[in-house]
Structure formats: structure tokens, C-alpha cells
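Engineer: Have a look at the structure that comes next, please.
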Amino acid sequence: MTEILVVIVNYRTASLTEKCLEAVARERAAGADLSAILVDGCSGDGSVPQLRAFLEASDIGDWTELLALDFNGGFGWANNQAMLHRGDQLPPYIYLLNPDAEIEPGAISALAQVLDDHSDVAAVGSQLLEVDGSKSASAFRFPSVRNEFVRGAQTSALRRLLALRPSTIEIAQAGPVDWVTGASVMLRRDALRQTGLFDDGFFLYFEEVELMQRLRQAGWCVWSEPASRVKHIGGASTGIEESLRPRARPAYWYRSRKRYFTLARGRTYGLCANLAWLFGYALIGLPRLLLSSASRSRAVPKELDGMSKAGFWIRSDEAQRSAPSIGGAFGNLPSWSRDGHG
């Protein structure tokens, strides 16, 4: 099997991270050629000494390096730091795994097999599972201006009227999709060498969507592999969990959304996406919220506030990509912190 680097980014989930590593260790014992970098994103809660003691007490520490960062730069930046830390020693495949994920037997090898068999595939993602074993959304279509109009309108009937396909893609066997979740995804080093790593202007959310759109635009494919099954406890490190009643999104979700549209398609497209949401909200969404208590109970709280604070106009820095190259400098702070818009 091709050599694989497993990257796990911990943020205040040390006990879950230990269980995650134990599952990876079982894959290694079954023959996977892998090593791991365990990144701590400046948890500040005792995670580093706990994880260091865990590694020292187990043979997992023989093939796992603990990389303790002194800054919480977000998902993409932390994963970048692991890859940049390896420099010229970065192996052909890089497997990114959330600490709140438990892989089933064969999950890693199934992803590697896709990359082995298909030289044009740059990224392949797993089928995520809920805690009860049911399937969770794992593969998706790219967001669009029309989707943003419907999101602003906050009615599924309009989606059907416009004949928009669902954002989620369900497939029965391995095949191409637009993008896959970053909770369990294997990347090809040579593709990243061509396009660059994660854009570090994102703190959290949309960073994997932008990277995979960039890979697709460069001629690579993105696949989903349902045979790679991973149980995922969503939101364990971010605090953003699914619930029956929608919860307000953090401010950085709105900034990341805006940056994604701008980097993926340009400033004009980013502006159009913002205006599409605003028109949908003003023409349909807001009147529904004012007239229907049922609509208010289903709506994401403070959506207009979040969109407004992120801004509808596109700033020049939001159109400037900041994706480091393999072999680049390790330790540089993310651009969102330098720009002061994190």
C-alpha cells in the first residue's frame, strides 16, 4: 500500500482523539503503511500533556508525532501546518481525520485504493455515519447563486419550482462528486503540489469546499467512497451540533461563506451570491417570518444579522487567495489573523 500520513487536529477533545488514534492503530496493525501527526490547535485545556502522556504510554507514540501549536488558526491552517512541518518528507497520500470520528475497519485502505486505481483523483472522502449507524451527509454539490436565493427565501417549495437538485449527493458505489466533507478525506500530494494547500483566509467552514473546487478547476477529480465508513460525532470541537431547533451560526461561518464564493468564482460572483440571498430574504423569507410562527421556528436565528455583519460588498482582501505551497514556510500565521477579519 502507498505510504499515508494521517493528520488529526485536536481542539479540546483529547479523550475523543485518543479513541480516534486507537482506531487508526488498528488499521496500521492490519497492514496500512501509515504514520500520523497529531496537531493540537492551542487547546489551552490540558490536552497537550494528556495526549503526550497517552502517546508515551502506548506504541502509538512510535509512529505518531505530537505537534503543539501556539495559535488557534482554524481547521485548514492547522492541517496545513502538519503538512508544512513534514516538508520534503510528505508522503504521497495525506489522510485528514477529525478527532470526533471513529473509523470502521478498512476505512483508510478503501480510500487509498481509490487513489491507487484512479490517477486523476485528487481527493476521496468517506461515508459518514451518525452515532446510531445511519448515514450522514458526506458528499455534496457546489453552492450556487440560485441556491443562495432559495436559502434567503427559506422555503423548499421554491427549490422545487426552480428545479434545483439537492445539495447532498448519495451514491451507492465509489464515484465522482463535487466535494466531500473534510471530516474524513484522503488527498493526493501531487495534486496539492499543483494547486496549493488550504486557503488560510478561512478560520472554519467552507475551506474544504474551496480547496476541492480549486482541484476540480485544475482538472482533478473528487470522489466519494461509501465503502469507507466513519462514525462521526458532529460539532464536538466546534460546539455546532445538530438539533431539532436551528441554532445561530457563528460570525466566522458567514465570513467563510462570502470568501468561498469570491475565491471560487470571482468578486462579481461573490457579490451576486450575496445579493441573491438578500433578494430571496427580502421578497419571500422576511414576509414568511413576519406572518408565520412555523417559519420562525424553522429559521436559523439572526441570519440577517450574520449576513449584514459579514458585509454584502466584497473587500479586496477577500478576493486574494492565501494557499501555501508544499515545502513552504512552517509557522506563518493565517491570513485571516493578519488581515484582522477572523
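Engineer: Can you confirm whether Phe261 is of a type in the set (Phe, Trp, Tyr), surrounded by 14 or more Cβ atoms within 10 Å (Cβ to Cβ), out of contact with any Leu (no Cβ under 6 Å at 6 or more places or on another chain) and under 29 Å from Ser337 (Cβ atoms)?
Structural biologist: yes
Engineer: In region 147-165, how many are modelled with pLDDT under 95 and either among the charged types (D, E, K, R) or touching a strand residue (DSSP E or B) at 6+ places or on another chain (Cβ under 9 Å) (or both)?
Structural biologist: Count: 3.
Engineer: Now for a separate question. When region 285-330 is examined, which residues are found to be within 22 Å of the chain's Cα centre (by Cα) and of a type in the set (Val, Ile, Thr)?
Structural biologist: Passing the criteria: Val300, Ile326.
Engineer: A follow-up question, please. List the helices (runs of 4 or more DSSP H) that sit entirely inside region 245-314 and contain at least 2 residues that are among the polar types (S, T, N, Q).
Structural biologist: In region 245-314, the matching helices (runs of 4 or more DSSP H) lie at 251-265, 267-280, 293-298.
Engineer: Next question, about the same structure. Which residue pairs have Cβ atoms closer than 6 Å, lie 6 or more positions apart in sequence or on different chains, and pair a first residue in region 213-226 that is small (Gly, Ala, Ser) with a second residue that is in a helix (DSSP H, G or I) and open to solvent by 20 Å² or more (accessible area, probe 1.4 Å)?
Structural biologist: Qualifying pairs under 6 Å: Ala218/Gln194; Ala218/Thr195.
Engineer: Might you let me know whether region 63-77 holds any residue that is more than 29 Å from Asp132 (Cβ to Cβ), of a type in the set (A, V, I, L, M, F, W, C) and surrounded by 23 or more Cβ atoms within 10 Å (Cβ to Cβ)?
Structural biologist: yes
Engineer: Only one of Val185, Val209 is among the β-branched types (Val, Ile, Thr) and in a helix (DSSP H, G or I); which?
Structural biologist: Answer to the selection: Val209.
Engineer: Test each condition in (1) touching a strand residue (DSSP E or B) at 6+ places or on another chain (Cβ under 9 Å); (2) of a type in the set (A, V, I, L, M, F, W, C); (3) at pLDDT 95 or above for Val131 and report the one that comes out false.
Structural biologist: Against the list (1) touching a strand residue (DSSP E or B) at 6+ places or on another chain (Cβ under 9 Å); (2) of a type in the set (A, V, I, L, M, F, W, C); (3) at pLDDT 95 or above, Val131 comes up short only on (3).
Engineer: Looking at region 227-237, is at least one residue open to solvent by less than 10 Å² (accessible area, probe 1.4 Å), under 23 Å from Asp100 (Cβ atoms), assigned to a helix (DSSP H, G or I) and modelled with pLDDT of 95 or more? Step through it out loud before you land on a result.
Structural biologist: Of the residues in region 227-237, the ones open to solvent by less than 10 Å² (accessible area, probe 1.4 Å) are 228, 230.
Okay, now just the ones that are also under 23 Å from Asp100 (Cβ atoms), so 228, 230.
Next, from what is left, pick out any that are assigned to a helix (DSSP H, G or I): none.
No, the conditions are met nowhere in region 227-237.
Engineer: Let me ask something else about it. Suppose we filter Glu102, Glu22, Glu27, Glu56 for residues that are surrounded by 15 or more Cβ atoms within 10 Å (Cβ to Cβ), of a type outside the set (A, V, I, L, M) and more than 20 Å from the chain's Cα centre (by Cα); which single one remains?
Structural biologist: The unique qualifying residue is Glu27.
Engineer: With the requirement that a residue be exposed (fewer than 14 other Cβ atoms within 10 Å of the Cβ) and among the acidic types (Asp, Glu), what does region 283-310 give you?
Structural biologist: Asp305
Engineer: Still on this structure, please answer the following. Please work out if Val180 is touching a residue at least 40 places away in the same chain (Cβ under 8 Å), out of contact with any helix residue (DSSP H, G or I) (no Cβ under 6 Å at 6 or more places or on another chain), crowded, with 24+ Cβ neighbours inside 10 Å and not hydroxyl-bearing (Ser, Thr, Tyr).
Structural biologist: Considered against the rule, which asks whether it is touching a residue at least 40 places away in the same chain (Cβ under 8 Å), out of contact with any helix residue (DSSP H, G or I) (no Cβ under 6 Å at 6 or more places or on another chain), crowded, with 24+ Cβ neighbours inside 10 Å and not hydroxyl-bearing (Ser, Thr, Tyr), Val180 comes out as yes.
Engineer: Would you mind stating whether Ile108 is open to solvent by less than 10 Å² (accessible area, probe 1.4 Å), of a type in the set (Val, Ile, Thr) and over 17 Å from the mean Cα position of the chain (by Cα)?
Structural biologist: Details: open to solvent by less than 10 Å² (accessible area, probe 1.4 Å): yes; of a type in the set (Val, Ile, Thr): yes; over 17 Å from the mean Cα position of the chain (by Cα): yes.
Taking the combined requirement at face value, the residue satisfies it.
Engineer: Hey, another quick one. Using the structure shown, decide if Ser337 is of a type in the set (Ser, Thr, Tyr), assigned to a helix (DSSP H, G or I) and under 23 Å from the mean Cα position of the chain (by Cα). Spell out how you get there, then give the answer.
Structural biologist: Numbers: of a type in the set (Ser, Thr, Tyr): yes; assigned to a helix (DSSP H, G or I): yes; under 23 Å from the mean Cα position of the chain (by Cα): yes.
Taking the combined requirement at face value, the residue satisfies it.
Engineer: Any residue in region 49-64 that is under 15 Å from Asp33 (Cα atoms) sitting within a Cβ distance under 8 Å of a residue that is small (Gly, Ala, Ser) and part of a helix (DSSP H, G or I)? List the pairs, counting only those 6 or more apart or interchain.
Structural biologist: Sorted first by the residue in region 49-64, then by its partner, the pairs are Ile60/Ala25.
Engineer: So, one more: Is there any pair with a first residue in region 99-110 that is touching a residue at least 24 places away in the same chain (Cβ under 8 Å) and a second that is among the aromatic types (Phe, Trp, Tyr) and not in a loop (DSSP other than H, G, I, E, B) whose Cβ atoms are under 8 Å apart and which are 6 or more apart or on different chains, and what are they?
Structural biologist: That search, which allows pairs on different chains as well, returns Ile108/Tyr95.
Engineer: Does Ser167 satisfy the criteria of being open to solvent by 60 Å² or more (accessible area, probe 1.4 Å) and among the hydroxyl-bearing types (Ser, Thr, Tyr)?
Structural biologist: In short, no.
Engineer: Would you say Ala29 is out of contact with any Phe, Trp or Tyr (no Cβ under 9 Å at 6 or more places or on another chain) and over 24 Å from Ser337 (Cβ atoms)?
Structural biologist: Considered against the rule, which asks whether it is out of contact with any Phe, Trp or Tyr (no Cβ under 9 Å at 6 or more places or on another chain) and over 24 Å from Ser337 (Cβ atoms), Ala29 comes out as yes.
Engineer: Continuing with the same structure: State whether the residues of region 264-281 include one that is closer than 25 Å to Ala78 by Cβ and crowded, with 19+ Cβ neighbours inside 10 Å.
Structural biologist: yes
The values are calculated or read from the model by the stated rules, or taken from the named source; none is laboratory data. Since the structure is predicted, the reported quantities are computational estimates derived from the model, not experimental observations. All Cβ positions, even for glycine, are placed from backbone atoms using ideal geometry, and neighbour counts span all protein chains on display. Just the protein is used for accessible areas: all its heavy atoms, side chains included, with ligands, DNA and RNA removed. Shrake-Rupley method; radii C 1.70, N 1.55, O 1.52, S 1.80 Å.
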